[in-house]
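Below: one structure, written as structure tokens.
The values are calculated or read from the model by the stated rules, or taken from the named source; none is laboratory data. All figures in this text were calculated on a predicted structure; none of them were measured in a lab. Virtual Cβ from ideal backbone geometry, glycine too; neighbours counted across all protein chains shown.
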Amino acid sequence: MLQRIVKAQLWSLTGFTIGILFFIIFFISIKGLPQITLEFLTSNPVDMGRSGGIFSTIVCTLYLIFVSLMIAMPLGVGAAIYLTEYTRESRLTHIIRFGTECLAGIPSIIMGLFGFAFFVMALGLGWSILSGGMTMSIMLLPTIIRTTEESIKAVPYELREVSFSLGVTRWQTVTKVVLPSALPGIVTGIVLGIARCIEETAVIIFTVGSSLRLPESFFDSGRTMAVHFYILAREGISMPNAYGTAAILILSILFINLSAYYLARQFLKKIC
Amino acid sequence: MKEKLIEKTLMLLAFSAIGALLLMAVFIFKEGMPIIFKVGIKNFLFSTHWAPTKGHFGVSSMIVSSLFVTIGAMIIGVPLALACAITLAEFAPQRVTVILKPTIELLAGIPSVVYGFLGVVLLVPLIRDYLGGPGLSLLAASIILAIMILPTITSISIDAIKAVPYSYKEGSLALGATHWQTIRMVILKAARSGIITAIILGMARAIGETMAVIMVAGNALRLPQSPLSPVRTLTSNIALEMGYAAGDHRAALFATGIVLFVFIMVFNVSANIITKRWRRE
């Protein structure tokens, strides 16, 4: 009897949690989807975002993703290769892992402070996509290192033994044998990094700024979609445009997360 | 020769994360420490008087607010998260878990500004109309944070529960315990360290969250009197004032960052230690 009650309670709490998720998605979609037209996506914001679309913020978001990944990918994948293929578990790897875990726990506001003090001020890069991209790449490192490490570890050891026994060097084995098999797992990490770039706000306000102009180079300031949404909503500039931007944010992140999940499953199927 | 070079390069890359962490700590401490020494550590940490343009830098009301908001989020979020974790790990059929676990993890992907916005549009008016006060409040921030940390706690707890050896469960059931008794007395006990780690990581996430909290917490500069009073956390203080701060004021915001950094490191290190012990068991 007690068992039944408890079970029913636990199930209803779980249902409630999942209900919240669906409610958020539906609420934003119903309010926001009607705002989204081709014009909304392809015209620049007019009058601080009161009218017009969000084209320049989409471009800025894409630039930021590009710069962040260009820096984080080689660093993260390289680090993961070293940790899995070139060392045994030792004090050194423990320290590196611990540092990486701590980095993953650093809140975005502290990342933002650091990016502002270091890239924007000390290095004199100013509010720019480059400053923001470099700060974001630090944020993405732990995720990329972890997912790459896991996918490299999942590659069967026999593949390496065969390669070594043929007289192939370690580096060639890594690039020709291990990395191709681990690729879907690595891509999962990168896809999650893209989602992180889209949803981040605090870091970006401090490092990229909030200029509404269409960025022409990586040295320009700009405003990503999430920052645009924050400013529209917080200053009450335009609720319809805020809902429209929110809908695009949520739907793109949903799509990205689902594809990351799909990739990860495909990878597991292939390995097992 | 080439191999050696590659190995050295990769080793350097492996240090990138820890290097970034150290650089970050050095920079934030370098910018913030001077002002802490200038006003005195005691004064900085224990005074509630924050008037940076007049030279008063006391962050105690923000520390208290941050802690209360985090504790509130835990009180609301942990039971929900554990309920989800137990259901999905123990009661739900494998097929259902495979779908529902990533669904809950999707909650983590929703941008924090969207949570903050929904808080303002939906939750704040509810609190104002039914409970009184300005609506923008400690309670509103706690509820929003509770939803935001649910996925973290749920997903790590599920892994911890699933890691409990099946023989424990079999042993308990064989002794005539019911499924619920087994969960409560055997499985949750065995998964304890993993669950505690999950909760600590959730706390770290809650105390560090900024954008959602700024939007719903009200940002008033005083010690919270009740769950319905508006509060300003450490994170919101930094984000709200960074735009126009200069000189000592900016330094004081970095000093606020130092306090936050110390909290986060304490959470992370204790989570790490507990996880290690859990792995050894």
Scan of region A:253-266 for residues that are at the interface with chain B (Cβ under 10 Å from one of its Cβ atoms) and of a type in the set (S, T, N, Q), ordered by number: A:Asn257
Residues that are outside any helix (DSSP H, G or I) and within 28 Å of the chain's Cα centre (by Cα), drawn from region B:153-190: B:Ala163, B:Val164
Which one is nearest to A:Pro156 (Cα to Cα), of the residues in region A:118-138 that are at the interface with chain B (Cβ under 8 Å from one of its Cβ atoms) and buried (at least 21 other Cβ atoms within 10 Å of the Cβ)? A:Ile138
Please specify each residue of region B:1-22 satisfying the condition of being over 17 Å from A:Leu92 (Cα atoms) and more than 7 Å from chain A (Cβ to nearest Cβ). B:Met1, B:Lys2, B:Lys4, B:Leu5
Within region B:91-111, the count of residues that are part of a loop (DSSP other than H, G, I, E, B) and more than 10 Å from chain A (Cβ to nearest Cβ) comes to 1
Return yes when A:Ile18 is surrounded by fewer than 20 Cβ atoms within 10 Å (Cβ to Cβ) and modelled with pLDDT of 90 or more and no when it is not. yes
Suppose the filter is touching a residue at least 40 places away in the same chain (Cβ under 8 Å) and either within 12 Å of chain A (Cβ to nearest Cβ) or among the polar types (S, T, N, Q) (or both); does B:Gly116 pass it? yes
Any chance B:Leu123 is in contact (Cβ under 8 Å) with a residue 24 or more places away in the chain, of a type in the set (A, V, I, L, M), touching a Lys or Arg at 6+ places or on another chain (Cβ under 7 Å) and part of a helix (DSSP H, G or I): no
Tell me which residues, restricted to region A:67-85, are without any contact (Cβ under 8 Å) to a residue 12 or more places away in the chain, in contact with a helix residue (DSSP H, G or I) (Cβ under 6 Å, 6 or more places away or on another chain) and not aromatic (Phe, Trp, Tyr). A:Gly78
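Rundown of residues vs (1) hydrophobic (A, V, I, L, M, F, W, C); (2) in contact with a helix residue (DSSP H, G or I) (Cβ under 7 Å, 6 or more places away or on another chain), yes/no style:
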site	(1), (2)
A:Thr14	no, yes
A:Ile24	yes, yes
A:Ile28	yes, yes
A:Leu38	yes, no
A:Thr42	no, yes
A:Asp47	no, no
A:Ile65	yes, yes
Restricting to region A:226-252, name every residue that is under 24 Å from A:Ser128 (Cβ atoms) and within 9 Å of chain B (Cβ to nearest Cβ). A:Ala226, A:Val227, A:Phe229, A:Tyr230, A:Arg234, A:Leu249
